[in-house]
1. List every residue pair whose Cβ atoms sit under 8 Å apart, with the two residues 6 or more apart in sequence or on different chains, where the first one lies in segment 296-321 and is surrounded by fewer than 19 Cβ atoms within 10 Å (Cβ to Cβ) and the second, anywhere, is of a type in the set (Asp, Glu) and modelled with pLDDT under 95.
2. State all residues of segment 138-171 that are surrounded by fewer than 16 Cβ atoms within 10 Å (Cβ to Cβ) and either out of contact with any strand residue (DSSP E or B) (no Cβ under 6 Å at 6 or more places or on another chain) or of a type in the set (A, V, I, L, M) (or both); if no residue qualifies, say none.
3. Picking from Pro38, Pro56, Pro81, which residue would you name as being over 27 Å from Gln298 (Cα atoms), assigned by TED's automatic domain parsing to the domain that holds Glu15 and in contact with a helix residue (DSSP H, G or I) (Cβ under 7 Å, 6 or more places away or on another chain)?
4. When you go through (1) assigned to a helix (DSSP H, G or I); (2) closer than 20 Å to Asp311 by Cβ one by one for Glu365, which number turns out not to apply?
5. Just give me the residues in segment 43-58 being in a helix (DSSP H, G or I) and either within 12 Å of Ala91 (Cα to Cα) or β-branched (Val, Ile, Thr) (or both), in sequence order.
6. Go through segment 192-227 and report how many residues are in a loop (DSSP other than H, G, I, E, B), within 26 Å of the chain's Cα centre (by Cα) and more than 30 Å from Lys359 (Cα to Cα).
7. Which residue pairs have Cβ atoms closer than 9 Å, lie 6 or more positions apart in sequence or on different chains, and pair a first residue in segment 60-83 that is under 14 Å from Pro26 (Cα atoms) with a second residue that is polar (S, T, N, Q) and in a loop (DSSP other than H, G, I, E, B)?
8. Just for segment 110-150: of the residues that are assigned to a loop (DSSP other than H, G, I, E, B) and of a type in the set (Asp, Glu), which one is nearest to Ser189 (Cα to Cα)?
Amino acid sequence: MDFELSEEQQQIREEVRRFAENEIKPVATEYDVDEKFPFEVLEAATEMGLNGASIPIEYGGADYSALETAIIVEELFAADPGIALSLTATAFGSDALIEYGTEEQKERFLEPVATGEAIMGAAISEPDTGSDVSSVSTSAEKDGDEWVINGNKMWITNGSVGDYFVAMCETDPDAEGRYNGFSQIVIESDRDGFKSEKITGKLGIRASDTAELIFDDVRVPEDNLVGTRGMGFLQLMQFFDITRTMVAAQGVGIAKGANERALEYAKEREQFGRPIGDFQAIQHKLADMHTQTEAARQLTYKSAWSVENDDDQLTTLASMAKEYASRVAVDCANEAVQIHGGSGYVNDFDVERLYRDAKITQIYEGTSEIQKNVIARELMDKGF
């Protein structure tokens, strides 16, 4: 087993870490407090090719592997999860186009994202539909050579700043089977009847844009259908393994960021005439935090490796990584605040923000409870 990163992968990590130190950390509190999207940071990230990292080279992307993308995600989230999500999610929904889109769709929708000219998103969740994706009620009906779309989408990343969204719609309500009759359709935000309402007051990742989308007789060309009509749900399920792996990388990044700040503070903060890091209680916290983070990292990297190597354990590994790494992120952020004491309770120190940001990793892309259901189902069906 070779655990060593290649020279190129090590270089990617170093360059992204340097970018995060110089471009993200100095402005993180500002964007968090103001709840504003970091367009200026995104512009700098575009010059480095960080947005659309997994988009193929022929469409302007860097075509990084899953492991390389996970490394990028980890380093960015260690600096600030809100800004990091804004940067890494500019191509959210692109997997569907890469796998099932026509050549014309790829050129029209992927290239502008890779070059920083557009932001995209995925529109799945609804006000009454979260974990149960098969209960999506947003409808798309054919009218001549157009789709007419009506419904609401909720908690949509990039909702008020995105240029287009890959939306899950019910196109064949009479189809037999719980998972049939859904299709993925690209909806541009400049279409008549499209409305977005920004959601504010979030606990964390406040720099990342989140909104409710409202479709009122929105018309898009029939060519905006992604892949095969009626197969949207099954198409979507194929991408949860990679997206959950990337949320696991987010969790590792948050834990890493919390650990680094806690260790630095423990060396500098003095009580009873010596650094608090000299006390066994603090040492044990730091030991546990770093051990758990390294375990989460290895599980996440193995899941990322499995994405590239068609491992039949990928679904199990992705859910294991997502559930465990998100739990470690929450635990490490919590301990980092504890180590900081009262100073960790205010935004003068980054750990306050990391503590708030960490929680979302246990919720989006499938809650921790859903991950455990998936793991148990896979074990019962295939073992491990």
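1. Trp305/Asp311
2. Of everything in segment 138-171, those that are surrounded by fewer than 16 Cβ atoms within 10 Å (Cβ to Cβ) and either out of contact with any strand residue (DSSP E or B) (no Cβ under 6 Å at 6 or more places or on another chain) or of a type in the set (A, V, I, L, M) (or both) turn out to be Lys142, Asp143, Gly144, Asp145.
3. Pro38
4. Here Glu365 meets the rest and fails (1).
5. Result: Thr46, Ile57.
6. Residues flagged as in a loop (DSSP other than H, G, I, E, B), within 26 Å of the chain's Cα centre (by Cα) and more than 30 Å from Lys359 (Cα to Cα) within segment 192-227 amount to 1.
7. Close Cβ pairs satisfying both conditions: Pro81/Ser208; Gly82/Ser208; Ile83/Ser208.
8. Ranking the qualifying residues of segment 110-150, first place goes to Glu117.
The values are calculated or read from the model by the stated rules, or taken from the named source; none is laboratory data. Computed from a predicted model, the values in this text were never measured in an experiment. Positions of Cβ are backbone-derived with ideal geometry, glycine not excepted, and every protein chain shown enters the neighbour counts.
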